[in-house]
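Scroll down for the structure; my scribbles are underneath it.
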Amino acid sequence: MTPQDLSQGNLVDNVAFLRREIDRRMRYVIGCEPGRATLNDWRLALAFSLRDRIVDSWLASRRRVREEGLKRVYYLSMEFLIGRLISDAITNLGLEEASRQALASFGQDYDAVVAEEPDAALGNGGLGRLAACFLESMASIGLPAMGYGVRYDHGLFRQSFHDGWQVESPEDWLKRRNPWEFERPEDNQVIGFGGEMREDASGRAVWTPGETVMAAAYDTPIVGWKARWTDTLRLWAAKPTRIFDLERFNRGDFLGAAEQASLAQTLSRVLYPDDTTEHGRELRLKQEYFFTAASVRDILARFRDEHGDDLRKLPQKVAIQLNDTHPTIAAPELVRILVDENGFEVDEAIETARGVLNYTNHTLLPEALERWSTSLMWRVLPRHMRLIERIDDWHIRQNRARGVERPPSTWLIDHGETRMGNLAFVMANKVNGVSALHTDLMKKTVFHDFHVMHPDRIVNQTNGVTPRRWLTACNPPLRNLLLETIGDGWTEDLGKLEDLEPHLKDSAFLEKFAAAKRENKVRLSNWLKIRTGVEADPDALFDVQIKRIHEYKRQHLNLLEAIAHWNAIRREPDRDWIPRVRIFGGKAAPGYALAKQIIKLINDVAKVINADPLMRGRLVIAYPENYNVSAAEVIIPAADLSEQISTAGKEASGTGNMKFAMNGAPTIGTLDGANVEIRDLVGADDFFLFGLTAEEAVEERKRPDHAAAAISASPALQEAIEQIASGVFSPDDHHRFSAIAENLRRYDYFLVCSDFDDYAAAQRRVDEAYRKPLEWARMAATNTARVGWFSSDRTIRSYAREVWTADTAF
Ligand code: 26V
C-alpha cells in the first residue's frame, strides 16, 4: 500500500486532472501565464484546484444536514490556531503524490509551493490549536459542526531575536490572497454596544445601543478524511455599519467622516497575545461580545430556517461549546434574545439556554480566569449585566429550593467584578476539564463548591490531536512505514496503531523505525542550519521543548540542567558523553517580563555553550525564532525526547506531549496533565518520570525554605544558579539574570529547585537508554503503538456522546 492509493481515482488520472486544473486556474483565476508565475501564484493555483473537490463535499454535507434535520454542534472559540490549510486539504483528499507530480510537470517543487502558504496563526497556543484539531476531527468523523471565531487581520505576532531578546512584529497572513475563504455578505449581522437600557412598567427591557458594528461572515471549508464530510469555520470580521458620513465628507471633514469606520475595524484588528495585563480590556470585552453575539444570532437564524420558530426545541437541535470563558457572554446574549425578542419568561429562557450551552475549562491558573469589572460591563453591555444579575438570582432560588445556601465562591458578581468562569458554570449543561488529573483538580479546587452543588455537571474529556496533520502529513517516513507494516486503517481509527505491537520485537522493523526517525532528523538538522546557523548532528539525541514560554512550563529547569550538564562535560571532557542537541521553541507574552528574560537566558547560554571548543558537538543548544504550527510540523517528527516538565498540577493537559509520543519520541516528564494518561498507556518503563506529584507540590510549597533547602542539597544546581547570577553567560551585564536567580533562590513558586535533582537523574537514565539503539527504537516505537487513544477523533466522539448528544452523519 502506498500513500497515493488513498485517493479516489488512480494516480495517472489525478496527475492529469490536477495539471489541467492548475493550468486553468493560473490563467483564469490568477490571471497569469504559467511561464511567468511566482511561487505564490503556484500556491494559489494549486489551492484553487483542490478547493473545487472540497466544495463538492461541502455542499453535499450541508444538504445532508438540512434534509435529515440533524443536530448541529457549534464550537465558539476566540482562537483557531490552524496553520497551513493546503497540506490538510492535500492529505485528506489523498492527493499528495498527484500534487507533487503535477507541480513537477511545471518544473515546480511541491514542498516549496506548499511552504508559500502563510500560517493562519489565529491563536496563542494549546487552546487554539485544540480548536483546530477538533474542527478537523469533526469533519473526519462526519459530525455536523461549525466553528465560530474572529477573523483577525493580524494573528499571533512574529517573533525575532535581537541580540537574544524577543522582539515582536505584526503578523500579516491576509496580505496576500486567501484562497480558502468565502465571503457571505448575506449573513452579516449588526452588533450593538453601550447606550441605554430602560425597563418599562411590566419589566420589559428596551436596549438602545450607542454604537454599532457590522460583523461580516467569512466561511472556510474544513475538509475531513477522504473528503467524506466537510464542515465550516465561520470567522467574523468587523466592518463599519456606515461606510462613511457623506454629509461630513461633503462639508470637507474627511477624517471625521471616516471616524466610525476606523473604530469598527479595530475590533477584529488583532489577536491578544496576552491574557494577563491591562491591554485595552474594554476592546477585548468588545471582541468577545462581537463574535459571540454574531454567532448566536446566526445559530438562531439557521435553527428557524431548518426547524421553525419554536425556540423551546433549541436543545434538541443545537449544542454550543464555549471554548474557555472567552465566549461566555453568549449565555446572557441567548437569554436576552429569548426574553426581549421572543417573549420568553426569564427563568424559561435561562433553562432553555442551559439546554444548549457547555463550557470547557483549560487552565486552573487563577490569573487566567476572566473577570470583568461590573462598571465596564454596565457601560458596554448594560442589558447583559442586568441579565447576569437575573441569572444570579435564578441560581440562588434554584439552590434555596433544594435547601442549599450558596457559598461566596459561587457568586457570579463579587467585589465589583463579574466572574466569567462562574457564569459559564451556572449556564452550562456540562462543564469539562481536558485531562483526568485536571478534571479531578477542578472538582477539588476552583470549582469545588460548584461540584458539591452540581455533582453531575463536571465531566472529563481528555484532549486529543488530529493524526492526519500530526502523523500522516507531517511525518512521511513514518507514515510510509506504518502503511507498509499495518495498512492504512489507523488514519481514521488510530487505536489500530496497536497492530504494531507484534512488530515491536522484530529488529528489522525497529531498524526501519529508527531509519525513518533519522530521515526526519536530517531534515530538521538542515532546517536548523538555515534558521539558526547551528550544526546539529543527526546522530545526536534530539531533545525538544516547544511550547509557550511560561514559568510553570519550566523552560528554565531544562536550561539549568543543560548548564549542569555542560559543567560536567567540561570537568571530564574525555568521557563518552551521549551527544545531545537541546532544541527550544516558543514565544513569550509581550508583557511577561520574566518569560522574556528566560528567552534571553536560553540564547545567552546557547551562545556560550555552542562556542565552547570542549563540547565538540556533544552539547548544542538551538532556539529557532518564531515557533509556530509549521515549525512544529518539522520539529516533532524529528524529536527523540519530548520535554513535558511542567510543575505538577499546572498544565491542564498538554497536546504537544501527545504529538511527540505519536511520532515516536518518549517523554521525560512530570505527573501532570495528560502526561499521566500517556504514561498509563505507554507503560512506566518507556516513560522517563521525575518530580513531585501535584499533591506533593502543594505540600512542598508550604515549606518556607523549600528552595534554599533544595539548592544546598544539590551542588550541581547551586553551581548553575551561581553561574547565571554572576554573569558567566552575560559578561557584558553581570546583573542581567539576577531577577531569575533571585526568584529561584527566594520564592520558586514553580518548584524548579525542588525537582532539579530528580530531573537530572532522569536525564542520565535517558542517556543510558540512548546508548542502545535497538532498545531505544523499541521504546520509541512502543510510544507510537500505544498512543492511538489520543486521536482527537476519540475526543470528539466522546464529546458527541457525553456532552452534546449529537449523532454523526455516518
Ligand atoms: C493563560 C494564561 C493567561 C494569564 C497568565 C497565565 C496563563 C497561563 C495559561 C493560560 C492558558 C490559557 C488557556 C490555554 O491555552 N490552556 C491550554 O489549553 C490546552 C488545550 O486544552 C491544554 O492542553 C494546555 O495544557 C492548557 O495550558
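The values are calculated or read from the model by the stated rules, or taken from the named source; none is laboratory data. A quick note: this is a predicted structure, and the numbers were derived from the prediction, not measured. Neighbour counts are summed over all protein chains in view; Cβ atoms, including those assigned to glycine, are modelled from backbone coordinates with ideal geometry.
Structural remarks
- Test: residue in segment 462-476 that is assigned by TED's automatic domain parsing to the domain that holds residue 680, surrounded by fewer than 19 Cβ atoms within 10 Å (Cβ to Cβ) and touching a residue at least 24 places away in the same chain (Cβ under 8 Å): yes
- Close pairs from segment 356-372: first within 17 Å of residue 412 (Cα to Cα), partner away from the ligand (no atom under 13 Å from the Cβ) and of a type in the set (Ser, Thr, Tyr), Cβ under 8 Å, at least 6 apart: 359/328; 370/328; 371/418; 372/418
- Top-ranked residue in segment 323-338 [being touching a Ser or Thr at 6+ places or on another chain (Cβ under 6 Å) and within 16 Å of the ligand (Cβ to nearest atom); ranked as farthest from residue 377 (Cα to Cα)]: 323
- Those residues of segment 107-137 which are more than 16 Å from the ligand (Cβ to nearest atom) and aliphatic (A, V, I, L, M), in sequence order: 112, 113, 114, 115, 120
- When residue 659 is tested against (1) within 16 Å of the ligand (Cβ to nearest atom); (2) under 28 Å from residue 444 (Cβ atoms), just one condition goes unmet, and that condition is (2).
- Every listed requirement among (1) farther than 27 Å from residue 266 by Cβ; (2) in contact with a strand residue (DSSP E or B) (Cβ under 6 Å, 6 or more places away or on another chain) is met by residue 204 save one, (2).
- Residue check, residue 352 buried (at least 17 other Cβ atoms within 10 Å of the Cβ), among the polar types (S, T, N, Q) and assigned to a loop (DSSP other than H, G, I, E, B): no
- Residue in segment 192-212 that is surrounded by the fewest Cβ atoms within 10 Å (Cβ to Cβ), counting only those that are part of a strand (DSSP E or B) and touching a Pro at 6+ places or on another chain (Cβ under 8 Å): 196
Quick grid of which residues meet (1) polar (S, T, N, Q); (2) over 19 Å from residue 752 (Cβ atoms):
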| position | (1), (2) |
| --- | --- |
| 570 | no, yes |
| 573 | no, yes |
| 579 | no, yes |
| 593 | no, no |
| 597 | yes, no |
| 600 | no, no |
| 605 | no, no |
| 608 | no, yes |
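- Residues that are of a type in the set (Asp, Glu) and modelled with pLDDT of 95 or more within segment 391-432 comprise 392, 393, 414, 417, listed in sequence order.
- Among the residues of segment 213-262, those identified as of a type outside the set (Val, Ile, Thr) and part of a loop (DSSP other than H, G, I, E, B) are 224, 228, 229, 242, 244, 245, 251, 252, 253, 258.
- Of all the numbered requirements in (1) charged (D, E, K, R); (2) assigned to a loop (DSSP other than H, G, I, E, B); (3) over 31 Å from the mean Cα position of the chain (by Cα); (4) surrounded by 13 or more Cβ atoms within 10 Å (Cβ to Cβ), residue 748 misses one, and that requirement is (3).
- When every residue of segment 413-432 is checked against the conditions, at least one turns out to be touching a His at 6+ places or on another chain (Cβ under 6 Å) and either free of Cβ contacts under 8 Å to residues at least 40 places away in the same chain or among the hydrophobic types (A, V, I, L, M, F, W, C) (or both).
- Members of segment 402-441 found to be in a loop (DSSP other than H, G, I, E, B), over 26 Å from the mean Cα position of the chain (by Cα) and surrounded by fewer than 22 Cβ atoms within 10 Å (Cβ to Cβ), listed by number: 402, 403, 404, 405, 406, 407, 411, 415, 416
- Summed over segment 47-82, residues that are surrounded by fewer than 24 Cβ atoms within 10 Å (Cβ to Cβ) and within 16 Å of the ligand (Cβ to nearest atom) total 0.
- Residue within segment 649-656 that is within 14 Å of the ligand (Cβ to nearest atom) and more than 15 Å from the chain's Cα centre (by Cα) present: yes
- Matching strands (runs of 3 or more DSSP E) fully within segment 573-652 where at least 2 residues are within 20 Å of residue 741 (Cα to Cα): none
- Residue match in segment 515-535 (condition: crowded, with 17+ Cβ neighbours inside 10 Å, in the same structural domain as residue 767 (by TED's automatic domain parsing) and part of a loop (DSSP other than H, G, I, E, B)): yes
- The residue of segment 385-419 that is nearest to the ligand (Cβ to nearest atom), among those that are more than 21 Å from residue 452 (Cβ to Cβ) and in contact with a Phe, Trp or Tyr (Cβ under 8 Å, 6 or more places away or on another chain), is 417.
- Candidates in segment 340-380 are the residues that are farther than 19 Å from residue 316 by Cα and among the small types (Gly, Ala, Ser); of these, the one that is farthest from the ligand (Cβ to nearest atom) is 343.
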